[in-house]
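Read the structure below first, then the notes.
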């Protein structure tokens, strides 16, 4: 089950990064595209057509595309989920699950309330310089539906936005094609996270609704949340009209383990990651014996799991074990890969933290396993994928604020640094820039000349 690679082979196979445009389109998806559009269109063209229709026709387009793509019938009155339906969702979710959501929400809220986001001013450079921190006015959160409605992701995005002080937080999530309604657990999570409205919209049309607005759905300043390849392409398409958090790809975990690790626990962690559709679970170890033991436990533990088919596909196509020479090589290889989740499952793991520079989340020690981070540890589980941990960060309060620089120089400082600005403007060939500086040097009291 667990394919074993050496470093060189792994770098051109399971550790090779692919851009989003290279993600394969399944035959079933191609056939569905032909059935709906009458031709075999590439995904980006499908996305553009739906977005353009939503931007042009608003609610009418949302209703039509929801019927075509999701098989759910909406009207302008039912696009927004009513407060009554949200309240009724509590009766459809086990009380212990509700309590778990509430406890997770408390930990997420507490963690993010400690994040350092503040305005400041400084007078050391003459006058007043500083930054003003303002929350975004509105944020839209997209939550996929399907077989695994990600209520936890709703908490992990909406709560940091609320902590940041965002005035309006909305959620879009598709209705189930059999029931026609948004998943009850998603509605309960939305209520616990104190979102303002929930809309029964999914896919590209949901992204379009939040980006452009319609009669029923308000336009937002930023869109967050995961989705399939079409949703990700839609977020890329609307960027610039609105902000986006990231272009999330399939989820991924790297576990570094040596002979001190519990192989049964390592196997369980790999299985947990591999059951996500498109997920990648990679073990890096300096011990071939560890890889073999983990493989044995994988074969035992997969029995009876409801998502065993997805797990088998992951280990066949994207996951495996990489045997390296020592822990130093393991950490360096993982750092180069820049995974969404990096788990250090070996003794004295804390002593290696300083060597890791590129990871969305670093899970230190075997008791800090990733599933706790997925649900209840506190930091947001929305983390950079696809190697983007090299240059971006997990979701946090910082994603939901904007910085406004404050520049209020005194006259002495302004005059003192003006010659520098003149020199640089002239060097760049921008004469009007230089003239704007000279105008103040020639007339420092700001009086209008009496003669022209």
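Brief remarks follow.
- Tallying residues that are in a helix (DSSP H, G or I) and either out of contact with any strand residue (DSSP E or B) (no Cβ under 9 Å at 6 or more places or on another chain) or touching a residue at least 60 places away in the same chain (Cβ under 8 Å) (or both) within the range 271-291 yields 5.
- Restricting 183, 193, 164, 151 to those that are touching a residue at least 12 places away in the same chain (Cβ under 8 Å) and touching a strand residue (DSSP E or B) at 6+ places or on another chain (Cβ under 6 Å) reduces the list to 164.
- Any chance residue 255 is under 26 Å from residue 147 (Cβ atoms), in the same structural domain as residue 370 (by TED's automatic domain parsing), touching a strand residue (DSSP E or B) at 6+ places or on another chain (Cβ under 8 Å) and at pLDDT 95 or above: yes
- Strands (runs of 3 or more DSSP E) enclosed by the range 102-201 - at least 1 residues per element that are farther than 22 Å from residue 248 by Cβ: 120-122, 128-135, 168-172, 197-199
- The range 380-401: number of residues that are assigned to a loop (DSSP other than H, G, I, E, B), crowded, with 19+ Cβ neighbours inside 10 Å and on the phi < 0 side of the Ramachandran plot: 8
- Residue match in the range 27-48 (condition: over 30 Å from residue 312 (Cβ atoms), more than 26 Å from the chain's Cα centre (by Cα) and modelled with pLDDT of 95 or more): no
Residue-by-condition table, conditions (1) at pLDDT 95 or above; (2) surrounded by 19 or more Cβ atoms within 10 Å (Cβ to Cβ):
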residue	(1), (2)
273	no, yes
283	yes, yes
290	yes, yes
305	no, no
310	no, no
317	no, no
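- Checking each residue of the range 77-84 against the condition of being within 23 Å of residue 208 (Cα to Cα), surrounded by fewer than 15 Cβ atoms within 10 Å (Cβ to Cβ) and at pLDDT 95 or above gives at least one match.
- The range 319-334: number of residues that are in contact with a strand residue (DSSP E or B) (Cβ under 8 Å, 6 or more places away or on another chain) and within 27 Å of residue 379 (Cα to Cα): 6
- Within the range 341-366, the set of residues being surrounded by fewer than 19 Cβ atoms within 10 Å (Cβ to Cβ), over 25 Å from the mean Cα position of the chain (by Cα) and within 16 Å of residue 259 (Cα to Cα) comprises 347, 348.
Matching residues to (1) in contact with a helix residue (DSSP H, G or I) (Cβ under 8 Å, 6 or more places away or on another chain); (2) within 17 Å of residue 89 (Cβ to Cβ); (3) modelled with pLDDT under 95:
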| site | (1), (2), (3) |
| --- | --- |
| 168 | no, no, no |
| 186 | yes, yes, no |
| 213 | no, no, no |
| 220 | yes, no, no |
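- Cβ-Cβ under 8 Å pairs, at least 6 apart or on other chains, the range 364-380 side free of Cβ contacts under 8 Å to residues at least 40 places away in the same chain, far side in a loop (DSSP other than H, G, I, E, B): 368/377; 373/379; 373/381
- Inter-residue pairs, beta-carbon under 9 Å, first at pLDDT below 95 and in the range 426-442, second not in a helix (DSSP H, G or I), 6+ apart: 440/446
- Subset of the range 58-73 [crowded, with 20+ Cβ neighbours inside 10 Å and modelled with pLDDT under 95]: 70, 72
- Failed condition for residue 115, given (1) more than 25 Å from the chain's Cα centre (by Cα); (2) under 21 Å from residue 169 (Cα atoms); (3) modelled with pLDDT under 95: (1)
The values are calculated or read from the model by the stated rules, or taken from the named source; none is laboratory data. Computed from a predicted structure; not experimentally measured. All Cβ positions, glycine included, derive from the backbone under ideal geometry; neighbour counts span all protein chains shown.
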